[in-house]
Amino acid sequence: KMAKRMSGINSESNISTLISNNKVYETEEEKADLIAKTLAQISSNDNYSDAFKEHREKMEDCWKSYNYSRNENASELNQDFEVYELQNAIKQCKNNSAPGEDQIKYEMLKHLPKIALQKLVQFYNTIWHTGQIVPEWKTAIIIPIYKMGSDRTNPSSYRPIALTSALCKINERLITNRLIWFLEKYKLI
């Protein structure tokens, strides 16, 4: 999808011809693929030290083996979200953010009536309890932004901006707020 989106929904690409390993990339699709590969390399595990990877693996194993059912406070963490939590999460969002592919903006959500907020919180509670998110939330529109002062022909001279669904980001905010509340309440941080 990046190749189709790289030039924007309503704009022309401002990415010049790219060069990598003495090969020239001129078409929008070639440039999109090259930038995607470059970004994947940058965020690869290969960039981390062995010590960091070992530490991360130990921490992940520790959290996987933690017995949440033995923690009497875990039930508080897993309660349904309330409308006030949703309203708070929506208030925390910045206006004028570019929307994801669904074109839903925060400004729209900030003006929902109470009945719509109640339906939306039911939707988020279903996701919370099933662990099944909307499949479209797993994709983003990636916009490569030029890093000023760098070589425009180098694919690593562009940083990614990911446009994702506002509904997905509010879901993430609900969970983050709940986790922060829980960790602070029980002095786990």
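The values are calculated or read from the model by the stated rules, or taken from the named source; none is laboratory data. Not measured: the values here are computed from a predicted model. No Cβ is skipped: glycine too gets one built from the backbone with ideal geometry, and neighbour counts run over all protein chains shown. Remember, those area values only see protein heavy atoms, side chains included, never the ligands or the DNA or RNA. Shrake-Rupley method; radii C 1.70, N 1.55, O 1.52, S 1.80 Å.
Compute the Cα gyration tensor for the range 142-189, then decide on rounded, prolate or oblate, letting a ≥ b ≥ c be the square roots of its eigenvalues: rounded whenever a/c is under 1.5, prolate when a/b is larger than b/c in the other cases, and oblate in all that remain.
Details: a/c = 6.56, a/b = 2.46, b/c = 2.66.
Oblate.
Give me the percent of the accessible area of the chain that comes from carbon and sulfur atoms, probe 1.4 Å, all protein chains in place.
Carbon and sulfur: 52 percent of the exposed surface of the chain.
Mind ranking 158-168, 44-54, 16-26 by how tightly packed they are, going by the mean number of other C-beta atoms within 10 angstrom, highest first?
Details: 158-168: 17.4, 44-54: 9.4, 16-26: 12.4.
Answer by packing, highest mean first, reads 158-168, 16-26, 44-54.
Please work out whether the range 27-133 counts as rounded, prolate or oblate from its C-alpha gyration tensor, where a ≥ b ≥ c are the square roots of the eigenvalues and a/c under 1.5 means rounded, while otherwise a/b larger than b/c means prolate and anything else oblate? Write out the running numbers ahead of the final one.
On the way: a/c = 2.91, a/b = 1.14, b/c = 2.55.
Because a/c hits 1.5 or more and a/b fails to exceed b/c, the range 27-133 counts as oblate.
Considering only protein heavy atoms, what per residue accessible area in square angstrom results for the chain with a 1.4 angstrom probe?
Values: 13120 Å² over 189 residues.
Heavy-atom SASA per residue in the chain reads 69 Å².
Only residues of the range 111-145 count here: report those whose backbone N is under 13 Å from the spot 7 Å along Cα→Cβ of I161, or say none.
Hits in the range 111-145 for I161 at 13 Å: 141-145.
State whether the chain is rounded, prolate or oblate according to the following rule on the C-alpha gyration tensor (a ≥ b ≥ c being the square roots of its eigenvalues): a/c under 1.5 gives rounded; otherwise a/b larger than b/c gives prolate, and the remaining case gives oblate. Each step should come with its number before you reach the end.
Values: a/c = 2.86, a/b = 1.47, b/c = 1.95.
Because a/c hits 1.5 or more and a/b fails to exceed b/c, the chain counts as oblate.
Please compute the contact order of the chain in relative form: average sequence separation of alpha-carbon pairs under 8 Å and at least six residues apart, divided by the residue count, as a percent. Could the numbers behind the result be given before it?
Values: 168 pairs, mean separation 52.0, N = 189.
Once divided by the residue count of the chain, the mean separation gives 28 percent.
About the Cα centre, and with charges only on the beta carbon of Lys, Arg (+1) and Asp, Glu (-1), how big is the dipole of the range 74-153? Nearest 20 debye, please. Each step should come with its number before you reach the end.
Numbers: 9 positive and 9 negative charges, 69 e Å.
Rounded to the nearest 20 debye, it is 340 debye.
So what is log10(I(q)/I(0)) for the range 81-189 at q = 0.12 1/Å, when the Debye sum runs over its Cα atoms only?
These q points yield log10 I(q)/I(0) values of -0.53.
Kindly point out which whole DSSP H helices in the chain project their C-alpha atoms 18 angstrom or further along the helix axis while averaging a Kyte-Doolittle hydropathy of 1.0 or above. Could you put the intermediate results ahead of the total?
Working: long enough: 28-42 (21 Å, -0.27); 50-65 (22 Å, -1.85); 114-130 (24 Å, 0.02); 166-185 (28 Å, 0.17).
Membrane-span-like by this criterion, though nothing is claimed about a membrane: none.
Taking 0.36 nm per residue of separation and subtracting the Cα-Cα distance, what length does fully extending S75 through E172 add? The partial results should precede the final answer.
Working: separation 97, 0.36 × 97 = 34.92 nm, distance 1.94 nm.
Roughly 33.0 nm would be gained on extension.
Using the beta-carbon distance between N47 and E26 and R0 = 22 Å, what value does 1/(1 + (r/R0)^6) give for FRET efficiency, to the nearest 0.05?
Working: r = 29 Å, r/R0 = 1.30.
It comes to 0.15.
Once you've got the GNM for the chain with C-alpha springs shorter than 10 Å, pick whichever of R173, R56, R152 has the biggest mean-square fluctuation.
Looking only at R173, R56, R152, the largest GNM fluctuation is found for R56.
Take the cross-link list K64/K187; K31/K169; K91/K169; K37/K58; K91/K114; K110/K169 and give me the ones stretching past 19 Å between alpha-carbons. Could you put the intermediate results ahead of the total?
Values: K64/K187 21 Å; K31/K169 28 Å; K91/K169 12 Å; K37/K58 29 Å; K91/K114 14 Å; K110/K169 14 Å.
With Cα atoms farther than 19 Å apart: K64/K187; K31/K169; K37/K58.
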